[in-house]
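This report concerns only the one structure given below.
The values are calculated or read from the model by the stated rules, or taken from the named source; none is laboratory data. Fair warning: this is a prediction, and the values are worked out from it, not measured in the lab. Ideal geometry is used to build each Cβ from the backbone, glycine not excepted, and the neighbour counts take in all protein chains shown.
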Amino acid sequence: MTRIADGLARVHERIARACARAGRDPSEVALVAVSKVHPPEAVREAYAAGQRLFGENYVQELADKAEVLRDLPEIAWHFIGRLQRNKAKSVVSLNAVVETVDSLRLAEELDRRAAVEGRVLPVLLQVNVAGEAQKAGCAPDELATLVPAVRALEHLELRGLMTIPPLVEDPEASRPCFARLRELAAMHALHELSMGMSADLEVGIEEGATLVRVGTAIFGERPSR
Ligand SMILES: *Cc1c(COP(=O)(O)O)cnc(C)c1O
């Protein structure tokens, strides 16, 4: 087994154990393998080991990888980085699910671009649950206006919410943040919950994650960019 295949197997094992503890079916939790900064060969290796869904943070890097890996018929991408409006066109043409919509202006730009391509773009709203000043994401209170406004856009399909908790050592520290995201999603009748990374995916699953975004535990430490 290659190192990446081994990492993937261990992450699947962690997901299965967390699901068992939480009384959930592992098929309810999709794994987004976060390949940012790792070379396309690493993605290819994960694909060979059965992984199909990959997450990227930078539009240009995603575009380059998608081009090099276009021979992989079932590969699918989630965009999980900060998205500038002037990159909306690229991300739409790359067919990526955008997990990081956090303003109506960005949603409207994505909607416009998706309309041009004659497509419906699946999106999640990123919520800054902990209210960290430097972090992207809308405030929980903004969802009351943002959710209906985004739902009204014909070329976007609003699937759910995503959050990145404050960076701390203890995975348990993410729990209140994840629980809050679940409540917010329920309040707005949204199904998809993207929460949990290498350090805290178990907590994410226990709190209802339907997507976990895992990089380091699959691919190893990221080379500096
Ligand atoms: C990098 C990144 C991840 C993956 O983090 P790991 O700790 O390497 O698993 C998940 N989500 C987002 C938004 C990221 O930027």
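Hey, does region 28-38 have a residue that's over 17 Å from the mean Cα position of the chain (by Cα), in a loop (DSSP other than H, G, I, E, B) and of a type in the set (A, V, I, L, M)? Taking every residue of region 28-38 in turn, none turns out to be over 17 Å from the mean Cα position of the chain (by Cα), in a loop (DSSP other than H, G, I, E, B) and of a type in the set (A, V, I, L, M). Scanning region 34-58 for residues that are in contact with a strand residue (DSSP E or B) (Cβ under 8 Å, 6 or more places away or on another chain) and either away from the ligand (no atom under 16 Å from the Cβ) or over 20 Å from residue 224 (Cβ atoms) (or both) yields a total of 5. Scanning region 22-38 for residues that are among the acidic types (Asp, Glu) and either crowded, with 17+ Cβ neighbours inside 10 Å or out of contact with any Cys (no Cβ under 7 Å at 6 or more places or on another chain) (or both) gives a single hit, 28. Being in contact with a helix residue (DSSP H, G or I) (Cβ under 7 Å, 6 or more places away or on another chain) and within 11 Å of the ligand (Cβ to nearest atom) is not true of residue 162. Answer yes or no as to whether residue 174 is within 16 Å of the ligand (Cβ to nearest atom), surrounded by fewer than 20 Cβ atoms within 10 Å (Cβ to Cβ), under 22 Å from residue 215 (Cα atoms) and at pLDDT 95 or above. Here the answer is no, as residue 174 does not meet what is asked. Of all the listed residues (179, 209, 136), the sole one being within 20 Å of residue 21 (Cα to Cα) and within 14 Å of the ligand (Cβ to nearest atom) is 209. Filtering region 39-66 to residues that are free of Cβ contacts under 8 Å to residues at least 12 places away in the same chain and assigned to a loop (DSSP other than H, G, I, E, B) leaves only 39. Scanning region 6-21 for residues that are among the aliphatic types (A, V, I, L, M) and surrounded by fewer than 16 Cβ atoms within 10 Å (Cβ to Cβ) gives 9, 16, 20. Of everything in region 79-105, what is farther than 25 Å from residue 214 by Cα and either without any contact (Cβ under 8 Å) to a residue 24 or more places away in the chain or within 16 Å of the ligand (Cβ to nearest atom) (or both)? Give them in sequence order. Within region 79-105, 86, 105 qualify.
Screening residue 3 with (1) within 16 Å of the ligand (Cβ to nearest atom); (2) surrounded by 15 or more Cβ atoms within 10 Å (Cβ to Cβ); (3) touching a residue at least 60 places away in the same chain (Cβ under 8 Å) gives one miss only, at (2). Could you tell me whether any residue of region 67-75 is crowded, with 17+ Cβ neighbours inside 10 Å and part of a helix (DSSP H, G or I)? No: zero hits.
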